[in-house]
Amino acid sequence: MAGDEKFYVTTPIYYVNDAPHLGHAYTNMACDALVRFRRLDGNDVLFTTGTDEHGQKVENSAKAAGLDPQAFCDSVSQTFRNMNALLGIDRHDFVRTTEQRHIRCATEMWNRIAEHGDIYLGKYGYYYSIRDEAPFDESELVNGKAPTGADVEWVEEENYFFRLSAWGDRLLAFYDANPDFIGPVARRNEVVSFVKGGLHDLSISRTSFSWGIPVPNDPKHIMYVWIEALGVYLTGAGYPDITGEKYRHYWPCNLHMVGKDIVRFHCVYWPAFLMAAGIPVPKRVFGHGWWTVEGQKMSKSLGNSITPQALVDKYGRDAVRYFVLREMPFGSDGDFSHRAMVNRINGDLANDLGNLAQRVLSMIQRYCAGRVPVAGALEPADNALLGTAGGLLEKLRTEYAVPAYHRVLDHLWELVGDANRYVDEQAPWALNKTDPARGDTVLYVLLETIRHLAILLQPVMPTSAAKMLDQLAVPPDRRDFAALSAHPLVAGTVLPKPEGVFPRYVEESADAGR
Ligand code: ME8
């Protein structure tokens, strides 16, 4: 993977009728870890996220807030930007669907699809759920409501339609030819069986409200929110400037990271729109699972949504990033609980990794006058540990390609475990008395192992990993993956006095016993 390969990754764009919560934070933190990994591996990365600002729900929410829609969007969109700053989301382009560049992009996309003959004007009656922004057939309703339980209303209007029904076979052929297009496999199977079940044409314009992008040459219609929202990924790559450097370099997109709820939009509608417009289809869509909180679905009515701010205030940014990527296998659903969070902070971070670093760095101060010691001849146990450390990057490349963050962290913590056992077996404090040269070698091997861990942990815990690397006196320009083998620690380098990087979580009295 190393080299100047390009990589374009996107998060969904979030509706501005809701405040940022753990679910949005999760997708962004996951993408950010991947982006950082790729950048440290020498890739040229474009990373986009942003906000989805049109549609009836937004128009309604603005009205309820007593604001004009644009002012409403400006203020909520800013809360998503703030979330990114809070979580340490790396260099990215924040794209808003109300920006001119996006309006140009969506308009051009519409024109291209229309030129291809895939858009027609028809009459349509359907059940519509405002909450889901989705139309439903009668057969999809459950007890007269949307499958999500949202209320629906019967709507009839003259709409433009996208001829989706004509794309089923081409989509199935596309999935066959591109087996990695949808991950994980369970989601792929769902999509394939949905398409095999037959596709209906899709209504892609509305006349019942006005907060949206006008349909070219027929401005009493506005584009249905999904057809323009998906186009945001093209906007991020500079479309419609298809001769431009940006588009030619970054499109097609490498990965759309989405929640499982919107896999169908990204894996059925989106490739069909693109093929109809004559635009290359992205390489992969990954549908991750959903979080519940203390065993319950997050919902406005239950008032149990966790804000990113509350999480970071309570546990710290890096611990939150670590927890969400370690706790549930990426692609599955999982539960966020205070208890599980504290176990990870005090177990994995403070006891396992934190103690390893603290123990080793304290011995360097005590036995080596605070300098990187000289390594003598290596013994099999030393080579085994260094071999595992040296082999990690290749393993992590495989896992990030899925991406399987939980396995990335499993691999790293296997090395933490090996290193802790090695300290106990080699007992450098005893060697310091009986065979100081051997003691120095053991401590050097441990420092090198910690350097590997810290460099490879940067994508998930950038702040803590940077502190660890500061303590190893690794210069800022020697922290990328090329430095793993190119720049081992140099004997004699003075190391600063160690400070704990991973504090234990101490229960506040209100938490005790939970
Ligand atoms: O669907 N657990 O926006 P949205 C994990 N605007 N992830 C969650 C989650 C949870 N409990 N709840 C939400 C939209 N998410 C459209 C997208 S893209 C062109 C348009 C995450 O604000 C997850 O990534 O409803 C999900 O796909 C996204 O938030 C939906 O955000």
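The values are calculated or read from the model by the stated rules, or taken from the named source; none is laboratory data. Since we're looking at a predicted model, the values are computed, not measured. Methodologically, a virtual Cβ is constructed for each residue, glycine included, from the backbone with ideal geometry; neighbour enumeration extends over all protein chains shown.
So, of the residues in region 161-191 that are part of a helix (DSSP H, G or I) and within 24 Å of the chain's Cα centre (by Cα), which turns out to be nearest to residue 275 (Cα to Cα)?
Result: 175.
Do we find a residue being farther than 30 Å from residue 205 by Cβ and in a strand (DSSP E or B) anywhere in region 81-91?
Checked against the condition, which is being farther than 30 Å from residue 205 by Cβ and in a strand (DSSP E or B), region 81-91 yields no hits at all.
Look through 34, 40, 22 and report the one residue that is near the ligand (Cβ under 10 Å from one of its atoms), modelled with pLDDT of 95 or more and within 24 Å of residue 407 (Cα to Cα).
Of the residues listed, the single one that is near the ligand (Cβ under 10 Å from one of its atoms), modelled with pLDDT of 95 or more and within 24 Å of residue 407 (Cα to Cα) is 22.
Can we say residue 267 is in the same structural domain as residue 180 (by TED's automatic domain parsing), closer than 18 Å to residue 186 by Cβ and crowded, with 18+ Cβ neighbours inside 10 Å?
So residue 267 passes the test.
If you scan region 237-259, which residues turn out to be within 16 Å of the ligand (Cβ to nearest atom) and not in a loop (DSSP other than H, G, I, E, B)?
255, 256, 257, 258, 259
Show the residue pairs meeting these rules: Cβ distance below 7 Å; 6+ apart or different chains; first residue within region 280-299 and acidic (Asp, Glu); second residue part of a loop (DSSP other than H, G, I, E, B) and modelled with pLDDT of 95 or more.
Partner pairs satisfying both residue conditions: 294/337.
Going by the structure shown, is residue 317 within 17 Å of residue 48 (Cα to Cα) and either more than 12 Å from the ligand (Cβ to nearest atom) or buried (at least 18 other Cβ atoms within 10 Å of the Cβ) (or both)?
no
Please give the number of the condition residue 58 fails out of (1) crowded, with 22+ Cβ neighbours inside 10 Å; (2) at pLDDT 95 or above.
(2)
Over 30 Å from residue 190 (Cα atoms), assigned by TED's automatic domain parsing to the domain that holds residue 453 and without any contact (Cβ under 8 Å) to a residue 60 or more places away in the chain: does that describe residue 344?
Answer is yes for this residue.
Testing residue 509 on (1) at pLDDT 95 or above; (2) not assigned by TED's automatic domain parsing to the domain that holds residue 323, one condition comes back false. Which one is that?
(1)
Restricting attention to region 102-132, which residues are in contact with a strand residue (DSSP E or B) (Cβ under 8 Å, 6 or more places away or on another chain) and under 26 Å from residue 18 (Cβ atoms)?
Within region 102-132, 102, 106, 126, 127, 128, 129, 130 qualify.
Name the single residue that is nearest to residue 467 (Cα to Cα) among those in region 297-329 being under 17 Å from the mean Cα position of the chain (by Cα) and of a type in the set (Lys, Arg).
The extreme case among them is 317.
Please determine whether any residue of region 59-75 is under 26 Å from residue 317 (Cβ atoms), near the ligand (Cβ under 10 Å from one of its atoms) and outside any loop (DSSP other than H, G, I, E, B).
The answer is no; no qualifying residue exists.
When you go through 265, 194 one by one, which is the residue that is assigned to a helix (DSSP H, G or I), at pLDDT 95 or above and away from the ligand (no atom under 13 Å from the Cβ)?
194
For region 90-128, enumerate the residues that are surrounded by fewer than 20 Cβ atoms within 10 Å (Cβ to Cβ) and small (Gly, Ala, Ser).
Listed by number, the residues that qualify are 114, 117, 122, 125.
From 482, 491, which residue is over 30 Å from the mean Cα position of the chain (by Cα) and surrounded by fewer than 16 Cβ atoms within 10 Å (Cβ to Cβ)?
491
Examine region 137-151 for a residue that is in a loop (DSSP other than H, G, I, E, B), among the hydrophobic types (A, V, I, L, M, F, W, C) and in contact with an Asp or Glu (Cβ under 7 Å, 6 or more places away or on another chain), and state whether such a residue exists.
Yes.
Among all residue pairs at least 6 apart or on different chains, which show Cβ distances below 6 Å where the first residue, located in region 208-236, is within 12 Å of the ligand (Cβ to nearest atom) and the second is among the acidic types (Asp, Glu) and in a strand (DSSP E or B)?
229/52; 236/93
Give me the residue from region 286-301 that is touching a helix residue (DSSP H, G or I) at 6+ places or on another chain (Cβ under 9 Å) and within 11 Å of the ligand (Cβ to nearest atom) and, out of that set, nearest to residue 254 (Cα to Cα).
This residue is 286.
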